[in-house]
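Below is one structure, written out as structure tokens; the observations come after it.
The values are calculated or read from the model by the stated rules, or taken from the named source; none is laboratory data. Values in this document were obtained by computation on a predicted structure and should not be read as measured data. No Cβ is skipped: glycine too gets one built from the backbone with ideal geometry, and neighbour counts run over all protein chains shown. All accessible areas refer to the heavy atoms of the entire protein, side chains included, with ligands and DNA or RNA removed. Shrake-Rupley method; radii C 1.70, N 1.55, O 1.52, S 1.80 Å.
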Amino acid sequence: MKDFINAYSWINIHYLLQGLWITVAVSVVSIIGSYVLGSILGIIRYVNIKIVSPVVGLIIDIIRNLPLLLIIFFTYFGLPNLGFRPSSVWATIIALTVFESTMIAEIVRSGIAAVDPGQMEGARANGLTYGQAMYHIILPQAMKKMIPALVSQFISLIKDTSLATIIVLPDLMHNAQIVYGQNSTYILPMFLMIAIMYFIVCYALSVLSRSLERRMS
Amino acid sequence: MIAIFHNYGGLLLQGFGQTLLCSIIALLFSLIIGSMFAIFEVTPVKSLRVIARVYIEVFRNIPLLVITMFFYVVIPMFVTKISGFAAGTVGLTIYTSAFIAETVRSGIQSVDPGQMEGARANGLSWWQAMRHIVLPQAFRYVIPPLGNQFINLVKNSSVLAFVAGFDLMYQGNVIASDSLNTMTTYVVIGILYLIITLPLSYWMRYLEKKLA
Amino acid sequence: MKKVFRLVSIIVSSLALLLVLTACGSKSLANQNVMTRAKQTNTITWGVKADTKLFGLMDVKNGQIKGFEVDMAKALTKQILGPKGKADFVQVTSSTRMPLLRNGNIDAIMATTTITPQREKQVDFSRSYFDAGQSLLVKKGSPIKSVKDLNKNGATVIGVVGSNSVQNIAKFAPKAKVLQLSDYAQAVTALKSGQGEALTTDNGILGGMAVENPGYVLTGGAFTKEPYGIAINKHQPQFKRNLNSALTRVEQSGEYNRILKKWFGNVPGMNVKEMER
């Protein structure tokens, strides 16, 4: 019990909260980035443009079938070869955005594909252009179907930020390791605390999505 | 790149084998545990439903790395010594089983509830009806999503690198720092992962189309 | 709209192509002259450890890295760029330091890096700034008294990916199994949770661990010589010259001894007088 009281000193908790902030900030930026990029990629893949779509499709398939850890290494060690020097924070954001957008592209593509093709034909027959039909008729319905899959992907993204400790991203996981690395009696208390913190963030997101689903249906 | 294969072939092979082994073991056990919790979730017994719900929500919302590190670091302090490979495999199993439980449950729920009622009316017990009527149909629906879970499992097995589990990613780090040829090493490691995941991924897409 | 999609995707893919092409054409950061860039930005980016007490350790209170190497890096930066020169720190681990340097994320590594012939093929080193030796950390009362005791089947030694101490162990105790963790924080935690009988690395680092963890002691003395050097990329002769002369000036001014004393003055088993320069 004494270990817990010592472990949860304000200094340690404050340090964990700094890590939590990095985790959340990196996640939010990556979620927005991968949502935008993923939607574009998903639509490109669905619309089936000559040469472009198959090439994009192949790139998506390669990236999404690699471990995220590898993508993180490629970004962190590889970007300087393109002439700029990412901090571990930006390397993580870029890696997460690239990796998760390929996952989201798949969700978007199959979401659109799941909408009855008759709807597109009907809309076109009523004089809407392809783009109008896509934007007003197909996408809103596809979105509704996609929400659960999208949200669980976003939750994965939050959890996956922890992998970036390997390139020393000062996130929640890393900061906990620094704390218990300096005093082994803190190991169990730190694990409990970060498990709770991750759980709260991820669970809050899933509760939010459920209420969103209810409102949309 | 050929030099990497040539100089470190043994390590790469070992890593490839460990990654496959750990993924297969974790898949087997997470299938069993996941299906068990999925059945718990649809039983008429409330306490089982609550247990299943808590298990699934907890392990779906905590990073795999935290679970794995917990087994590697905390368990030996209180219970028993556990190798990195075992800790990683246990962590993967628990984490994946929560996802598989969700998949199997939605499979069970997509089977027409009339079937269960019909079977019960014909004198089968709840468990008999579940086992012989509902589950076989449910599993047909969930094969593609389960395949995708297996792909995730293979990719996620890279957390073994954090606990010295001698998997592909671990060997990649060792080779990268030994040869100092980082990018090439990781390209080689990437190719080896793709050998497992890419064909599976295309196969699952084909199955999905066929079943749809 | 379909046309718009087509246009957008053509733009996106040609941009991607352009990026790749410029990447191939442009000079990667690792090949630029470090001194020129350092003078322009008035900054040198150092890779330092954040999990190694005495050399480079994260201070949980204010998020700053503190240690012998951090102080040395600051002193050297001031010698090279003048009193206003800025030292930037990037946290590295033994497994990430070399890729980070070779790919140009950092200008120099000051992270308990031993000068070895194998590494000298890939990177350049400054003169040695610290002389360490490899040793073992074990639980108090452990039967392991020297590295020879580990040379048996079933013995497990913990090390860190990318450190040359794991290669040395293969020489001194070839029968032992080696677990390579990703950094020292993980390695100590693994030792304490009983994943191995001994943790091996350099005595300076182990000394810091022994201070933090009262139940653990150094054993067997130093069985190798590990001179630490500042690693920089090849083909940077100007930077290397500047580093070496800065090191000489830091040593001559007595600043070296002051920093040494500040960090190692109170470590049991360390004789600062012998290490002074």
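For C:Asn33 and C:Arg249, a Förster radius of 25 Å and the Cβ-Cβ distance give a FRET efficiency of 0.70, rounded to the nearest 0.05. Taking chain C as a Gaussian network, where each spring joins two C-alpha atoms under 10 Å apart, which residue of C:Val157, C:Val217, C:Val92 fluctuates the most? Most flexible of the set in this elastic network: C:Val217. Taken over the alpha carbons of the stretch C:134-219 as equal point scatterers, the Debye sum produces base-10 log I(q)/I(0) values at 0.13, 0.15, 0.23 Å⁻¹ of -0.32, -0.43, -1.12.
With the simple model of a label 7 Å out from the Cα in the direction of the Cβ, B:Ala3 to B:Phe139 spans 5.0 nm. All Cα-Cα distances of the protein assembly as shown, cut into 10 Å bins from zero to the largest, leave 3, 14, 23, 24, 18, 10, 5, 2, 0, 0 percent in each bin in turn. For the pair A:Asn48 and C:Asn257, a Förster radius of 60 Å applied to the C-beta separation gives a FRET efficiency near 0.25, rounded to the nearest 0.05.
Take each residue in A:188-195, count the other chain C-beta atoms within 10 Å of its C-beta, and the mean is 3.
Projecting the Cα atoms of B:Phe150, B:Tyr95, B:Ile32 onto the charge dipole of chain B, computed from C-beta unit charges around the Cα centre, puts B:Ile32 farthest toward the positive end. Relative to the longest principal axis of the Cα atoms of chain B, the long axis of helix B:168-179 lies at roughly 10 degrees.
Of A:Leu58, A:Leu139, A:Leu82, the residue with the greatest mean-square motion in the GNM of chain A, using alpha carbon springs below 10 Å, is A:Leu82. Compared with the dominant Cα axis of chain C, that is its longest principal axis, helix C:255-264 is turned about 60°.
On a 0 to 90 degree scale, rounded to 10, what angle separates helix C:203-212 from the longest Cα axis of chain C? The angle comes out near 80 degrees.
Roughly speaking, what is the stretch gain from C:His235 to C:Lys140, that is 0.36 nm per residue apart minus the C-alpha to C-alpha distance, in nm to one decimal? Provide the component values of the computation, followed by the final result.
Values: separation 95, 0.36 × 95 = 34.20 nm, distance 4.71 nm.
Roughly 29.5 nm would be gained on extension.
Solvent-accessible area of the stretch B:68-212 (1.4 angstrom probe, protein heavy atoms only): carbon and sulfur portion equals 61 percent.
With all projection directions averaged, the alpha carbon convex hull of the stretch C:86-196 covers 8.2 nm². In chain A, the sites counted are chymotrypsin sites (Phe, Trp or Tyr not before Pro) in DSSP loop states with at most 16 other Cβ atoms within 10 Å, and the longest stretch holding none of them, exclusive of the sites, is A:85-217. Shape of the stretch B:65-192 from its Cα gyration tensor (a ≥ b ≥ c, root eigenvalues): rounded if a/c is under 1.5, otherwise prolate when a/b > b/c, or oblate? It is oblate, given that a/c is not under 1.5 and a/b is not larger than b/c. For a test of the definition: using alpha carbon positions, the gyration tensor, and the 1.5 limit on a/c, classify chain C as rounded, prolate or oblate. Taking the square roots of the gyration eigenvalues as a ≥ b ≥ c, chain C is oblate.
Which FRET efficiency value, to the nearest 0.05, is calculated for B:Arg131 and B:Ser106 with the Förster distance at 25 angstrom and r the Cβ-Cβ distance? All intermediate terms of the calculation are to be shown ahead of the outcome.
On the way: r = 19 Å, r/R0 = 0.74.
Computed FRET efficiency for B:Arg131 and B:Ser106: 0.85.
The convex hull drawn around the Cα atoms of the stretch A:2-216, when projected onto a plane and averaged over every direction, covers 14.6 nm².
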